[in-house]
1. On the given criteria, is Ala60 in contact (Cβ under 8 Å) with a residue 12 or more places away in the chain and open to solvent by less than 10 Å² (accessible area, probe 1.4 Å)?
2. Restricting to the range 129-156, and then to whatever is away from the ligand (no atom under 15 Å from the Cβ) and among the hydroxyl-bearing types (Ser, Thr, Tyr), can you tell me which residue is surrounded by the fewest Cβ atoms within 10 Å (Cβ to Cβ)?
3. Do we have any residue at all in the range 87-94 that's in contact with a helix residue (DSSP H, G or I) (Cβ under 7 Å, 6 or more places away or on another chain) and within 11 Å of the ligand (Cβ to nearest atom)?
4. If we scan the range 136-150, do we find a residue that is of a type in the set (Ser, Thr, Tyr) and touching a residue at least 60 places away in the same chain (Cβ under 8 Å)?
5. Of all residues in the range 50-71, which are within 13 Å of the ligand (Cβ to nearest atom) and out of contact with any helix residue (DSSP H, G or I) (no Cβ under 6 Å at 6 or more places or on another chain)?
6. Working only within the range 25-37, note down all residues that are open to solvent by less than 10 Å² (accessible area, probe 1.4 Å) and either more than 8 Å from the ligand (Cβ to nearest atom) or farther than 16 Å from Ala73 by Cα (or both).
7. Among the listed residues Phe126, Phe116, identify the single one that is farther than 23 Å from Asn20 by Cα, within 14 Å of the ligand (Cβ to nearest atom) and open to solvent by less than 20 Å² (accessible area, probe 1.4 Å).
8. Restricting the range 99-109 to residues that are touching a residue at least 40 places away in the same chain (Cβ under 8 Å) and more than 21 Å from Pro82 (Cβ to Cβ), which is least open to solvent (accessible area, probe 1.4 Å)?
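The values are calculated or read from the model by the stated rules, or taken from the named source; none is laboratory data. Predicted model, so just to flag it, every value in this text is computed and none were measured. Glycine gets a Cβ as well: all are built from the backbone with ideal geometry, and neighbour counts include every protein chain shown. Heavy atoms of the whole protein, side chains included, go into the accessibility calculation; ligands, DNA and RNA do not. Shrake-Rupley method; radii C 1.70, N 1.55, O 1.52, S 1.80 Å.
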Amino acid sequence: MPNNDRILLINENITTLKVNAIVNAANSSLMGGGGVDGAIHRAAGPELAQYCSTLNGCVAGDAKITPGFNLPATYIIHTVGPVWYNGTKNEHQLLTSCYTRSLQLAAEHHCNSIAFPCISTGAYRFPFEDACKIALQTIDEFLQSEYLPQKVYLVTFGDNDFKSYSRIYSNFFKLP
Ligand code: AR6
């Protein structure tokens, strides 16, 4: 059974979403940075960095969970995507693992809904189309055997990314 009713594509600022968990494209320090990471830390408030400082960082491909603090989301799942080195440093496997580990944490914390940004496709330079295909493949496979999360939002930030992702999504699910 295809999961296109459980995987939804939206073009939004992820910090505004009222979901059980949003995913952060963090770096291994977990102490904040630019891009979506900076936006999440600003919106969640300084308590987030305080909490993150107790977590001992996070390696690429893994994920750690924190409260959402001032965000509408209950939890933030911080995952560290791979930096793109032309595919020579296990980048595909590491990005797959980011999605799987984030979904596992969401399920363990009984999250019904989760929202992902396009991990690694900004500062970390992972080619956009390949990253989207990995996201769809990994999430679809996870949902085949898992009841939670029921709804997975794929969040773009900008009209061009939304248009590209919509095409990749339609091809993936063989939609007209
Ligand atoms: N809501 C949704 N998506 C967003 C938002 C937002 N508010 N802001 C940016 N994006 P990036 P990376 C999208 O660079 O490539 C940080 O400094 C953006 O359009 O945030 O994994 C960390 O600390 C892009 O599609 O993350 C790390 O050092 C996507 O988020 C490093 O960048 C990811 O872009 C991680 O790099």
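1. When the stated conditions are applied, Ala60 does not pass them.
2. The extreme case among them is Ser145.
3. Within the range 87-94, not a single residue is in contact with a helix residue (DSSP H, G or I) (Cβ under 7 Å, 6 or more places away or on another chain) and within 11 Å of the ligand (Cβ to nearest atom).
4. no
5. Within the range 50-71, Cys52, Gly57, Cys58 qualify.
6. Ala26, Leu30
7. Going through Phe126, Phe116 in turn, just one is farther than 23 Å from Asn20 by Cα, within 14 Å of the ligand (Cβ to nearest atom) and open to solvent by less than 20 Å² (accessible area, probe 1.4 Å): Phe126.
8. Here the residue is Ala107.
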